[in-house]
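See structure below.
The values are calculated or read from the model by the stated rules, or taken from the named source; none is laboratory data. These figures come from a predicted structure and were not determined experimentally. Virtual Cβ from ideal backbone geometry, glycine too; neighbours counted across all protein chains shown. Please note that ligands, DNA and RNA were not included when accessible areas were found on the heavy atoms of the full protein model with its side chains. Shrake-Rupley method; radii C 1.70, N 1.55, O 1.52, S 1.80 Å.
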Amino acid sequence: MTRINTVRIPGLATGMDTDSMIKQMLSGEQNKVDKAKQKQQSVKWQQEIYRAVIKDVKDLQDKYFSVTSKDSIITSKAWNSTKVSSSNDKVMTATGSAGANNVDYNFEVKHLAKPASTSSDKSTTGATIERKSKLNDLGLKEERKFSINFGKDGKDVSKEITINSDDTVDSLIAKINESTDGKVKASFSDMTGKLTIETNKTGESSKLSFISSKGSSTNPMDFLGLSDVPKGENAEIIVKSSEDKTFSKTLNEESNSFTIDGINYSVHAEGSADISSSQDVEPVVENMKKFVEDYNKIMDKVYGLVTEKKNKDFPPLTDAQKEDMKEEEIEKWEKKAKVGLLRNDSEMRTFMDHMQNAIFGENTKFLNECGLTSSEDYNKRGQISINEDKFRKALQNEGDRVYKAFAGNNNSVLEKMRKTMNNYVGGSSSIFARKAGLEKTSSAVKNYYSEQLKRQEDMIKNLQRKMDKREDQLYKQFGQLEASMNKLNSQMNYFAQA
């Protein structure tokens with residue numbers, strides 16, 4: 001029994017073992033309490049097992065389905081088998097993407113792409129410009145309101161800007177930058193003493209102009225020598241092939257970063273650079289192998305949980321049983337008692353089915369051609385197999401198609417897997433969260449198992465109260481019996497002495 005009465009009647013008058021007798025008389029009530037506690041313990045274990053699976057799935061997500069993870073398999077970079085090198089990193093660099101063409105070109109950068117840009121002219125202002133210079137000292141005598149046209153073909157318009165003679169160069173810069181949300185940058189160089197205003201977009205389609213809000217044709221920034229800029233400049237690059245000596249092409253790019261045939265180019269300075277590439281699919285193959293292994297471990301664990309049979313000879317231990325056992329014995333017993341607790345669990349089985357459908361629901365033929373198949377071993381249900389040679393050849397021959405099938409769009413294999421996992425462990429309303437609870441969400445305390453545990457706890461308290469009440473009644477009855485026997489013994493002693 002879990003409760004110890006504060007009054008114990010040793011049975012001196014009756015000669016009875018009162019505690020032992022009461023314990024036997026309460027054995028029925030104690031069995032009910034024990035069974036309720038055993039049920040509670042089983043539910044706790046079920047929740048713990050569920051949460052362990054949730055952790056495994058989330059760890060898999062964090063490792064392979066996060067764009068910031070070094071092991072990510074959902075980014076274009078993860079499927080990039082093209083390694084690109086440059087003979088002159090100061091002039092140009094390049095990186096490959098999934099399915100990129102091999103390249104071997106010479107690039108001669110004539111000039112870089114430039115933004116629409118205008119700078120202050122000291123000869124116009126007739127004064128040295130400093131950050132703290134007041135616009136009054138630079139020639140502004142009245143308040144002016146204007147906006148800036150910028151962007152492609154000057155179609156974007158800034159918020160209205162108001163300046164007056166009390167403004168400084170610094171406050172003018174702040175107002176311009178705020179009005180365009182950073183799409184036009186105003187800056188000042190302490191070295192050159194020049195105020196510069198330029199668009200963040202480069203190329204000939206980028207324009208910059210100042211428009212007076214009063215409709216005046218006068219340039220509102222003329223006192224600083226800042227003029228309208230009809231357009232920026234495109235990058236001009238001459239490309240020649242190392243293999244085909246007759247090939248020559250001139251690129252006119254609006255940006256210093258551009259992509260051609262799956263290769264991402266970045267231009268840094270004028271000059272010449274040789275860009276070449278080679279193919280190496282092994283990092284992609286190795287990463288996919290690791291993913292398949294980790295994924296299969298989870299599927300193997302889940303399949304084991306829903307198929308293992310419960311051993312009825314090993315129910316959860318009662319408090320009384322634990323008192324007579326060593327710690328090692330308890331651990332071994334409980335390990336066996338946890339087996340089969342999730343046998344045929346519907347949510348777990350559905351999870352396996354949905355993951356399988358996410359992989360092989362569509363494009364099964366092409367995935368099989370790539371070496372990805374469902375495990376033929378019935379005991380490995382839900383697991384996948386990968387044929388490295390087939391996968392390697394598919395990457396070498398159809399890298400772009402492989403990338404698109406696995407990760408390149410919303411209907412790709414990995415994207416459907418990611419969505420399926422989110423449905424089960426993605427938040428407080430996900431399927432596993434509603435069943436067992438997800439850490440750091442409202443479901444951690446509000447879920448099916450937690451509600452079951454609360455009901456069991458209430459049942460245990462209710463049964464314990466009933467047993468305590470009967471225990472008090474029994475001790476009271478035995479106490480009355482002892483009192484009667486004491487009185488009888490006193491009377492007999494009196495008669496014996498008489």
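Values for this structure:
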quantity	calculated
Every residue from the stretch 209-258 that is aromatic (Phe, Trp, Tyr) and either out of contact with any Phe, Trp or Tyr (no Cβ under 6 Å at 6 or more places or on another chain) or under 22 Å from Gly271 (Cβ atoms) (or both)	Phe223, Phe247, Phe258
Residue in the stretch 118-134 that is among the small types (Gly, Ala, Ser), out of contact with any strand residue (DSSP E or B) (no Cβ under 7 Å at 6 or more places or on another chain), open to solvent by less than 30 Å² (accessible area, probe 1.4 Å) and modelled with pLDDT under 95 present	yes
Residue in the stretch 211-223 that is at pLDDT below 95, open to solvent by 50 Å² or more (accessible area, probe 1.4 Å), out of contact with any Leu (no Cβ under 8 Å at 6 or more places or on another chain) and outside any loop (DSSP other than H, G, I, E, B) present	yes
Hits in the stretch 439-466 (condition: β-branched (Val, Ile, Thr) and assigned to a helix (DSSP H, G or I))	Ile460
Counted residues, the stretch 275-299 - those being over 18 Å from Tyr64 (Cα atoms) and either surrounded by fewer than 16 Cβ atoms within 10 Å (Cβ to Cβ) or without any contact (Cβ under 8 Å) to a residue 60 or more places away in the chain (or both)	3
Enumerated strands (runs of 3 or more DSSP E) restricted to the stretch 249-354, each holding at least 3 residues that are of a type in the set (Gly, Ala, Ser) and touching an Asp or Glu at 6+ places or on another chain (Cβ under 9 Å)	271-279
Breaking point among (1) buried (at least 16 other Cβ atoms within 10 Å of the Cβ); (2) under 30 Å from Val103 (Cβ atoms), for Lys37	(2)
Where a residue in the stretch 423-438 is closer than 15 Å to His354 by Cβ and its partner, wherever it lies, is at pLDDT below 95 and part of a loop (DSSP other than H, G, I, E, B), with Cβ under 8 Å and at least six apart	Val425/Leu438; Ser430/Leu438; Phe432/Leu438
Ile173 open to solvent by 70 Å² or more (accessible area, probe 1.4 Å) and among the aliphatic types (A, V, I, L, M)	no
Residues of the stretch 445-469 classified as open to solvent by less than 80 Å² (accessible area, probe 1.4 Å) and either within 16 Å of Asn31 (Cα to Cα) or β-branched (Val, Ile, Thr) (or both), total	8
Of all residues making up the stretch 224-235, the number that are modelled with pLDDT of 95 or more and either open to solvent by 60 Å² or more (accessible area, probe 1.4 Å) or out of contact with any strand residue (DSSP E or B) (no Cβ under 9 Å at 6 or more places or on another chain) (or both)	1
